[in-house]
Amino acid sequence: LRRVHPDGSFGPWLSLDQAVPDDASVRQFRDHLLIRLRSEWRGYSSGTLLAARIEAVAWDTTGEPGGNGPPADAAQGAQVTPLFEPSERVALSGISVTKNKVVLSLLDEVRTRLTSLSCSPDGAWACDPPEAREPLIGGLSLSAVDSDEGDAVWLVSWTHLQPHTLALASVENGVAGLASSARQLRALPPQFDASGIRVEQGHAISKDGTRVPYFVVRPDREGPVPTLLYGYGGFEISLTPSYMSTVGATWLERGGCFVEANIRGGGEFGPRWHRAALRDQRGKAYEDFEAVAEALVATGVTTHEQLACRGGSNGGLLVGNAVVRRPELWGAVVCAVPLLDMRRFNKLLAGASWMAEYGDPDTDDWAFLQKFSPYHNIDTKIKYPPILLTTSTRDDRVHPYHARAFVKRLEDEGVCDELLYYENIEGGHGGAADPKQQAFMTCLYIDFLVKTIGQGYAPFEEL
């Protein structure tokens with residue numbers, strides 16, 4: 001950092017080294033730093049957003065007269081102001097700054113909510129009046145038109161059923177005036193007919209009592225329907241609502257139901273939600289996923305025979321565990337570019353970089369890793385539901401060995417009567433190299449679902 005004086009001259013270089021945690025993210029708002037914590041610091045929990053004057057935190061590396069000393073003398077005692085502190089069910093999703101406002105995007109029970117703050121010349125922070133509407137089952141992306149000049153913002157909104165819409169708005173009066181100031185500029189055309197489809201949010205109770213949210217996108221009709229349950233649960237990646245162009249056109253429009261599970265391991269409730277399923281606690285993510293599956297049956301959304309699960313990469317590890325742990329829950333399983341052999345994952349391609357997430361199988365960690373290694377937990381005494389595994393020869397992250405070995409063992413043991421495998425020779429970790437291949441891969445698994453969990457379902461039969 002370097003101060004520019006009113007006369008255009010430059011002050012000394014200022015450093016943040018050791019002044020804020022190494023894993024924190026920082027950005028500037030006027031003469032303040034916004035510090036987003038990923039670990040506990042000075043009594044504040046991970047996920048907290050703090051503000052501090054730059055002059056109080058940054059330090060002068062030149063040792064010139066009047067400059068701050070090293071962090072031990074200055075930054076560790078600098079005054080910080082908490083702008084947001086996470087709660088059990090509300091987490092910070094994003095930060096936007098304009099000339100006079102800091103706008104926070106929050107995930108409130110995985111629904112989007114905006115809040116804004118102002119800072120007076122003397123450094124006092126205040127929250128603006130809140131939005132009038134309820135938190136949105138959808139997304140809002142906000143960015144300044146010119147943060148040096150004013151409070152105008154580009155506002156992009158979307159839901160599961162509504163494509164992205166771009167508007168020009170202002171946060172001059174805070175987020176409470178956002179809707180009234182918004183002027184729609186553009187909207188992407190819909191990619192499927194969303195009439196007769198509704199979106200709901202449900203909650204399942206996991207084995208340890210944790211409340212796990214999920215979104216249900218389903219036809220507006222009574223009775224159980226073929227349902228595809230999707231999950232990921234890792235690396236602090238949040239599954240938030242997004243416009244469902246591909247699934248909408250191939251599955252929802254035809255009468256199917258889609259469910260997205262916000263299980264532990266993701267970032268829906270901040271770093272705490274992620275850490276809850278790290279390493280030896282990985283089983284929590286799988287218990288959450290199973291709880292959502294059971295809730296969908298218990299609430300009449302679907303039946304076990306009509307319920308399929310799908311996941312890719314770390315999500316492939318998730319559904320691999322889903323099928324070997326609880327095969328009776330599923331009518332079909334779609335497993336894409338998966339990790340499945342946790343004894344060898346760290347020896348293949350990028351696997352060694354994931355040991356902080358899963359553990360190191362070459363140490364005592366194998367004692368818990370083997371419990372969630374699907375390849376090592378195939379039961380030779382039972383029959384598994386129909387399974388489709390897909391991978392790519394050129395996957396440079398998750399080696400195709402995982403899928404190949406898992407299929408080979410299932411085939412050798414004769415425990416899956418409907419076992420399908422497709423390996424694309426192109427495409428990398430995405431499994432497809434171009435839109436044509438992406439369309440083919442989508443049709444491949446949708447056709448598999450229609451022929452398994454969709455058998456006898458009238459809307460599918462009519463197509």
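The values are calculated or read from the model by the stated rules, or taken from the named source; none is laboratory data. These numbers come from a predicted model, not from an experiment. Virtual Cβ from ideal backbone geometry, glycine too; neighbours counted across all protein chains shown. Only protein heavy atoms, including side chains, enter the accessible area calculation; ligands, DNA and RNA are left aside. Shrake-Rupley method; radii C 1.70, N 1.55, O 1.52, S 1.80 Å.
Just from its helices, what would the mean residue ellipticity at 222 nm be for the chain, if runs of 4 or more DSSP H residues each count -39500 (n - 2.57) and the sum is divided by every residue, rounded to the nearest 500 deg cm²/dmol? If you can, show how the numbers build up before the last one.
Values: 10 runs with 84 residues, N = 463.
One gets -5000 deg cm²/dmol as the mean residue ellipticity at 222 nm.
On the beta carbon distance between Asp108 and Ala405, with R0 = 45 Å, the FRET formula returns roughly 0.60. Other residues whose C-beta falls under 10 angstrom from the C-beta of His399 contribute a net charge of +1, scoring Lys and Arg +1 and Asp and Glu -1.
Relative contact order of the range 219-281, please, whole-number percent, based on alpha carbon pairs below 8 angstrom and at least 6 residues apart.
On the way: 87 pairs, mean separation 26.2, N = 63.
Contact order relative to length: 42 percent.
Overall, the range 175-254 carries a charge dipole of about 140 debye about its Cα centre when +1 sits on the Cβ of Lys and Arg and -1 on the Cβ of Asp and Glu, all other atoms neutral.
Where in the chain is the longest stretch that carries no GluC sites (Glu not before Pro) classed as loop by DSSP and with at most 14 other Cβ atoms within 10 Å? Walk me through the intermediate numbers first.
Details: sites that count: Glu40, Glu88, Glu149, Glu222, Glu418, Glu426, Glu462.
Looking at the chain, 223-417 is the longest stretch - no exposed GluC sites (Glu not before Pro) with at most 14 other Cβ atoms within 10 Å.
Each principal axis of the range 119-176 carries a Cα extent, and these read 45, 25, 13 Å when sorted largest first.
Taking one quarter of the surface of the convex hull spanned by the alpha-carbon atoms of the range 310-403 gives a direction-averaged projected area of 5.8 nm². Each of Ser141, Gly196, Thr210 was placed along the dipole of the range 119-231 (beta-carbon charges, centred on the mean Cα), and the one lying farthest toward the positive end is Gly196.
The angle between the Cα long axis of helix 283-298 and the longest principal axis of the Cα atoms of the chain comes to about 60 degrees, rounded to the nearest 10.
Would you mind calculating the gained length between Ala182 and Ala352 on full extension (0.36 nm times residue separation, minus the Cα-Cα distance), in nm to one decimal?
Working: separation 170, 0.36 × 170 = 61.20 nm, distance 4.74 nm.
Here the segment from Ala182 to Ala352 would lengthen by 56.5 nm.
Think of the chain as having a plus end and a minus end, set by charges on the Cβ of Lys, Arg, Asp and Glu; of Ala276, Leu14, Val80, Ala276 sits farthest toward the positive end of this dipole.
For the range 266-332, run through the chymotrypsin sites (Phe, Trp or Tyr not before Pro) and keep only the ones in DSSP coil with at most 12 other Cβ atoms within 10 Å of their Cβ.
Values: sites: Phe269, Trp273, Tyr286, Phe289, Trp330; in loops: Phe269, Trp330.
Qualifying residues, ordered by number: none.
Residue separation times 0.36 nm, minus the C-alpha to C-alpha distance between Asp220 and Gln191: what's the value? Before the final figure, lay out each step's value.
Values: separation 29, 0.36 × 29 = 10.44 nm, distance 1.89 nm.
Taking Asp220 through Gln191 to full extension adds about 8.6 nm, to one decimal.
Charge dipole of the chain (Cα centre as origin; +1 on each Lys and Arg Cβ, -1 on each Asp and Glu Cβ, all else neutral): 340 debye, rounded to the nearest 20.
Percent relative contact order of the chain, based on C-alpha pairs within less than 8 angstrom and at least six residues apart?
9 percent.
Computed extension length for Glu418-Arg30: 133.5 nm, one decimal, from 0.36 nm per residue of separation with the Cα-Cα distance subtracted.
For the range 297-453, the extents of the C-alpha atoms along the principal axes are 43, 39, 33 Å, listed from largest to smallest.
Which whole-number percent of Cα pairs in the range 90-138 have a distance greater than 15 Å? So the portion of pairs separated by more than 15 Å is 48 percent.
Computed from Cα positions, the angle between helix 401-413 and the longest principal axis of the chain comes to roughly 30 degrees. For the range 106-122, the Karplus equation 6.51 cos²θ - 1.76 cosθ + 1.60, evaluated at θ = phi - 60°, returns couplings of 10, 9, 9, 6, 6, 9, 7, 9, 10, 9, 10, 9, 10, 10, 6, x, 8 Hz by residue, with Gly and Pro reported as x. Taking only the C-alpha atoms of the range 138-275, the Rg (one decimal) and the largest Cα-Cα distance, Dmax (whole number), read 17.8, 55 Å.
Between the residues Ala132, Ser46, Leu252, the greatest Cα displacement towards the positive end of the dipole of the chain, with unit charges on the Cβ of Lys, Arg, Asp and Glu, is found for Leu252. The string of couplings for the range 36-47 from the Karplus curve (6.51, -1.76, 1.60, θ = phi - 60°) is 9, 7, 10, 9, 5, 7, 6, x, 9, 7, 4, x Hz, one whole number per residue in order, with x for Gly and Pro.
The mean sequence separation of alpha-carbon pairs under 8 Å and at least six residues apart, normalised by the residue count of the range 253-410, gives a relative contact order of 21 percent. Roughly how much of Asp31 is accessible, in Å² to the nearest 10, using a 1.4 Å probe? Accessible area, nearest 10 Å²: 70 Å². All alpha carbon pair distances within the range 318-371 were sorted into 5 Å bins beginning at 0; the resulting P(r) in whole percents reads 4, 17, 27, 20, 16, 11, 5, 0. With 26 Å as the limit on Cα-Cα distance, the pairs of Lys347/Lys436; Lys347/Lys371; Lys383/Lys451 that go past it are Lys347/Lys436. Could you give log10 I(q)/I(0) at q = 0.23 Å⁻¹ for the range 182-262, computed by the Debye formula over C-alpha point scatterers of equal weight, without solvent? Taken in order of the listed q values, log10 I(q)/I(0) reads -1.14.
If you bin all the Cα-Cα distances of the range 391-451 at 5 Å, starting from zero, the percentages per bin are 4, 17, 22, 22, 21, 11, 3, 0.
Provide the net charge surrounding Thr452, with neighbours chosen by a C-beta distance below 10 Å and charges set as Lys +1, Arg +1, Asp -1, Glu -1. Walk me through the numbers on the way to the answer.
Details: positive: Lys451; negative: Glu305, Glu418, Asp447.
With Lys, Arg at +1 and Asp, Glu at -1, the net is -2.
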